[in-house]
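S.K.: Structure provided below as structure tokens; questions to follow.
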Amino acid sequence: MRTPDMYLRSIGVHLPPVVTVETAAAEGRYPADEVEYFRLGGAAVAGDLPAPELALRAARHAFERSGGMSPRDLDLMLYSDVWHQGPEGWEPQYYLQQHLVGGDVLAVELRNGCCGLFSGLQLTAGYLRPGGGSALLVGADNHGTPLVDRWRAIEGCVLGDAGCALLVTTDTGFAEVRSVNVTVLPEAEAVNDGGVPMFPPDATVGRPLDFAARNVEFRKRLIEGDGASVMLAIQKTLIELVDRTLKEADITLDDVARVAFPHGRWDDLEHRGLNWLGLTLADSTWEYGASIGHLGVGDQFVALDHLLATGALAAGDDVLLVGLGAGTTMACAVLRILGIPEEYA
């Protein structure tokens, strides 16, 4: 969808210290024989800092960079996550309402996998009033729990922890959100289910999250059935989604300065993502992502903050953000940099 008069006012990030892959391998937590091939740097590890606290710190960071916006001026707050946030039956967005924005703001938790912040952008575009509305989109996860082995849960990728916050307005900002789309390929719903029962839910019976084992199980189903058509459908849908989003933004791939994908394994990204679009790893933020791990919902936007902080973007640049998640969910957004905020100078 086209998103006229929608802007990023600021980005806030809370990224914990990184534990290197070499350290994890030396301690027997990461497979030593995979270090050279997968070329990962490490994972941001939050320890026992709760995910909602990561979110709160990122949100405060976004307001510090906002040029005077107040949390009390918000019209909407959307909280995205992929992993458990705290006590069962408790909702994390209320932690931010207690400690930051107050109770007069509509606050909703979004559970849309790794595309949660993209879905937040799309919902925000339909909610805010023109000429002065504002929203806080925040995402956070801490994967360091007993049911997740961050170093082995996904082959060729490690899971990092972070909080990320976006302040979105309809009047002004450093980047214009030109277009955003989220779509689902329902026939690929089983890609990440691992063939395990839906009830009782995994967390209630102590079943660990192991995407590596689930992917092996799904590949077995591909061989035994007609799963190849699903994989081809994912490729076709993603290409069509990117094409539509670029057209809505009135640009082509040749106009894109940088592209941010989820922080995954380099060979998957190169052979089943970038080359479909005629891009290379050098066009992407993969190297940075490999240094901090897959953050759940925040990859593309934390990478955007990194591009700004390192001087890799200039006013007038167009940035393509691409999301992939369970479901199978695919997302895409185009942002145009209008100016570099002084905090990045």
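S.K.: Note down all Cβ pairs under 7 Å where the first residue falls in the stretch 51-74 and is within 14 Å of residue 15 (Cβ to Cβ), the second is among the charged types (D, E, K, R), and they're at least six residues apart or on different chains.
M.R.: 51/81; 51/141; 54/161
S.K.: Something else now. Among the listed residues 203, 190, 135, identify the single one that is within 30 Å of residue 28 (Cα to Cα) and open to solvent by less than 50 Å² (accessible area, probe 1.4 Å).
M.R.: Values: 190 fails: within 30 Å of residue 28 (Cα to Cα); 135 fails: within 30 Å of residue 28 (Cα to Cα).
Answer to the selection: 203.
S.K.: Here's another thing I want to ask about it. Among the residues of the stretch 274-286, is there at least one that is open to solvent by less than 20 Å² (accessible area, probe 1.4 Å) and either touching a Gly at 6+ places or on another chain (Cβ under 6 Å) or not in a helix (DSSP H, G or I) (or both)?
M.R.: yes
S.K.: Let me ask something else. So, restricting to strands (runs of 3 or more DSSP E) that lie completely within the stretch 1-86, which ones have at least 1 residues that are open to solvent by 40 Å² or more (accessible area, probe 1.4 Å)?
M.R.: Because the criterion is at least 1 residues that are open to solvent by 40 Å² or more (accessible area, probe 1.4 Å), the strands (runs of 3 or more DSSP E) in the stretch 1-86 that meet it are 7-14, 18-20.
S.K.: Kindly provide the set of residues from the stretch 241-286 that are modelled with pLDDT under 95 and among the β-branched types (Val, Ile, Thr), ordered by number.
M.R.: 280
S.K.: How about the stretch 184-206: which of its residues are under 19 Å from residue 296 (Cβ atoms) and either at pLDDT 80 or above or not in a helix (DSSP H, G or I) (or both)?
M.R.: Answer for the stretch 184-206, where residues must be under 19 Å from residue 296 (Cβ atoms) and either at pLDDT 80 or above or not in a helix (DSSP H, G or I) (or both): 184, 193, 194, 201, 202, 203.
S.K.: Only residues that are within 17 Å of residue 276 (Cβ to Cβ) and touching a Ser or Thr at 6+ places or on another chain (Cβ under 8 Å): list them for the stretch 224-257, please.
M.R.: Residues satisfying the conditions are 234, 237, 241, 245, 246.
S.K.: Kindly establish whether residue 134 is within 20 Å of residue 10 (Cα to Cα), touching a residue at least 24 places away in the same chain (Cβ under 8 Å) and touching a Lys or Arg at 6+ places or on another chain (Cβ under 7 Å).
M.R.: The answer is no for residue 134.
S.K.: Does residue 71 fit the bill of being of a type outside the set (D, E, K, R) and at pLDDT 95 or above?
M.R.: When the stated conditions are applied, residue 71 passes them.
S.K.: Give the residues of the stretch 227-269 that are more than 20 Å from the chain's Cα centre (by Cα) and crowded, with 21+ Cβ neighbours inside 10 Å, sorted by residue number.
M.R.: Scanning the stretch 227-269 gives a single hit, 249.
S.K.: Next question. Find all pairs meeting these conditions: Cβ atoms under 6 angstrom apart; at least six residues apart or on different chains; first residue within the stretch 1-17 and closer than 17 Å to residue 130 by Cβ; second residue part of a strand (DSSP E or B) and open to solvent by 10 Å² or more (accessible area, probe 1.4 Å).
M.R.: Here the result reads 7/176, each pair linking the stretch 1-17 to a residue that is part of a strand (DSSP E or B) and open to solvent by 10 Å² or more (accessible area, probe 1.4 Å).
S.K.: Of these, 22, 91, which one is among the acidic types (Asp, Glu) and more than 30 Å from residue 132 (Cα to Cα)?
M.R.: Exactly one residue qualifies, and that residue is 22.
S.K.: If you scan the stretch 98-108, which residues turn out to be within 30 Å of residue 148 (Cβ to Cβ) and open to solvent by 30 Å² or more (accessible area, probe 1.4 Å)?
M.R.: 98, 99, 108
S.K.: Of (1) surrounded by 14 or more Cβ atoms within 10 Å (Cβ to Cβ); (2) within 23 Å of the chain's Cα centre (by Cα), residue 218 satisfies all except one. Which?
M.R.: Exception for residue 218: condition (2).
S.K.: Scan the stretch 294-329 residue by residue and report those that are in contact (Cβ under 8 Å) with a residue 60 or more places away in the chain and assigned to a helix (DSSP H, G or I).
M.R.: 299, 300, 301, 302, 304, 305, 308
S.K.: What's the number of the condition residue 167 fails, among (1) within 17 Å of the chain's Cα centre (by Cα); (2) open to solvent by 50 Å² or more (accessible area, probe 1.4 Å)?
M.R.: Just one mismatch for residue 167, condition (2).
The values are calculated or read from the model by the stated rules, or taken from the named source; none is laboratory data. This structure is a prediction, so every number in the text was calculated from the model and none was measured. Because the Cβ atoms are built from the backbone with ideal geometry, glycine has one as well, and the counts that use them run over all protein chains shown. Protein only, heavy atoms only, side chains kept; ligands, DNA and RNA dropped before computing areas. Shrake-Rupley method; radii C 1.70, N 1.55, O 1.52, S 1.80 Å.
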